[in-house]
Amino acid sequence: MYGKLNSACLYGIDGVLIEVETDLSNGLPQTSIIGLPDSAVREAVERVRAAIKNCGFKYPSQRVTINLAPADLRKEGSSFDLAIAVGLLAVSSQIILPREERTLFIGELALDGSVRSVNGVLSMVDLAKRDGFDSVMLPWENVQEATLIKGIQLYGVKHLQDIIPEAGCLSIERKGAEPERVPVRIASFGHLLPDKKGALVPKDKDSLLLSGKTIEDYADVLGQQHAKRALVIAAAGMHNILLMGPPGTGKTMLIRRLPTIMPMLEEAEALEVTKILSAAGKLKESAASGLIRTRPFRAPHHTISATGLIGGGAIPKPGEVSLAHRGVLFLDELPEFNRQVLEVLRQPLEDKQVTISRSRAVFTYPAQFLLAGSMNPCFCGWYGSETDSQRCTCSPGRIARYRSRISGPMLDRIDLQLEVPRPKEWQHEQASISSAEMRQQVLTAQSVQAERYRELPLSWNSELSGSLLRKFCKMEPGAHALLQQTVEVLGLSMRSYDRILKLSRTIADLAGAAQIGVEHTAEAIQYRKLDVKI
């Protein structure tokens, strides 16, 4: 007896269709799973065997061969359990499945037949929709996540026995004969429809930010107008930013409020970000039960490893740079991070993606993020901000060693580098600019960029390169001369030249200028604080 059902697994953050073929033949009772399964897939045999027996069915006492196709793709995870179990029940003539609809089966089985949730359901359901499936049968706990994909029927399952429309015996009593086992015919899975009036309807919990009301607001930060201006520029063009200053000047507080002034995610971006969280198993940690609408904000500790930052592992998972996709990656106390860990950021900062190579597969994860960092000016933290009670005790050589923990190529990739000194006039400040006002400036600049790049695969000025950079960053003669002179005097690299040019374009957009002027270039240059050697 032969049967075939469809399931899916994750390949990076995308779903991949897997055909689960089941064959029963004469021979010693044993079960083999072939098709490059990993340990979790091979162990499915015992989970499925116990689940079938504990649900009142009979596990086939024949030679069972289960093939997961395509055979050259490594299969990982436990999402095939439900398809294997249903396939075995079908080929052993214990159930007859409906033939009028094409269904994708996803789910992990417990020994008692309960169906447990799996990671990456959003990508798998999206795959099913694009491949023309009529429906998806999946764990009940994943239905809320799956409802984010419209236009496909979902069947939520809590237990393996839920697929049987009527509870009852699988045998018919006959006089003078042994009870005869007959297959249960399932006309339709319609009885498994979730209650759409219940809690499974996704809700938008980003309503506070959508309405302009936020818990954290830049109005709470007194002073630091220069830093707030830099943060508006960073958010408007998705430029990397580094704040440097003594302890207690508000560097961390300023950056943690950065998402409150950034535009909301568009539909395609929101689906992409939500897929990444789903693949990483972190969607339940999110405050939103619908598509993620606010831009991600990730702030890993400085003890993080290169694998944790970039992604990978025995079973590759997205790292912090991918979890921060379309949002902000905040590295607090930047020099405290291992230098080798920081260096792995150089490639994703340029390519906007991470490629992880393994012996049998190559995984690519998106990683387009705004890098935000903070640091002290020296080991003790008081260089350049001495008072009568607090003096810097670091020698010039010690300061240079401290700052050299961040390599020159890494600093080249940070567009805005500015000092955040101790504010002096904040006691007299009656009101501070709010996040809503700053966000309006960002949205204005974003609308200019959206119109400019409407026919290009770009969204932000920071993405410009090559001929597009020269095309869209037209400079006045005086601005061009100023930039050329700065490059020669400071000995800047060509990467720094291009980044100043892109930063000038964003400043001009905020000012509503069609061409980059001297004042825009001058402001962009003064944000290259760390290019001036001690």
Proximal charge balance of residue 462 [Cβ under 9 Å; K/R count +1, D/E count -1]: 0
DSSP-loop trypsin sites (Lys or Arg not before Pro) across segment 338-402, with at most 16 other Cβ within 10 angstrom: 352, 358, 360, 391
Gain in span if fully extended, residue 50 to residue 110, counting 0.36 nm per residue against the direct Cα distance: 20.8 nm
Bridge type composition, the chain - antiparallel percent by DSSP, nearest 5: 45
DSSP loop GluC sites (Glu not before Pro) with at most 16 other Cβ within 10 Å: longest gap in the chain: 456-534
Full-extension gain in nm, residue 433 to residue 339, via 0.36 nm per residue minus C-alpha separation: 30.2 nm
Rounded if a/c under 1.5, otherwise prolate or oblate - segment 2-192, Cα gyration tensor axes: oblate
Order of 184, 321, 442 under a 10 Å beta carbon neighbour criterion, fewest first: 184, 442, 321
Label-point gap, in nm, between residue 304 and residue 222 - each point 7 angstrom along Cα→Cβ: 3.4
Global geometry of segment 46-122, whether rounded, prolate or oblate, following the gyration tensor of its Cα atoms and the 1.5 cut on a/c: rounded
Paramagnetic reach from residue 63 in segment 1-28 [backbone N under 20 Å; point 7 Å along Cα→Cβ]: 1-4, 21-28
Cα gyration tensor, the chain - rounded (a/c under 1.5), prolate or oblate: prolate
Fully extended contour minus Cα-Cα distance, from residue 495 to residue 467, at 0.36 nm per residue: 8.6 nm
Euclidean distance between Cα centres, segment 116-145 to segment 52-80, Å: 19
Separation of alpha-carbon centers, segment 465-483 and segment 325-377, rounded to whole Å: 29
Under 25 Å between alpha carbons - lysine pairs in segment 216-456 that sit 8 or more apart or on different chains: 10
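No value in this document is a laboratory result; all are computed from the given coordinates. Just so it is clear, the model here is predicted, and its values are computed rather than measured. Heads up, the Cβs are rebuilt from the backbone with ideal geometry, glycines too, and the neighbour counts pull from every protein chain shown.
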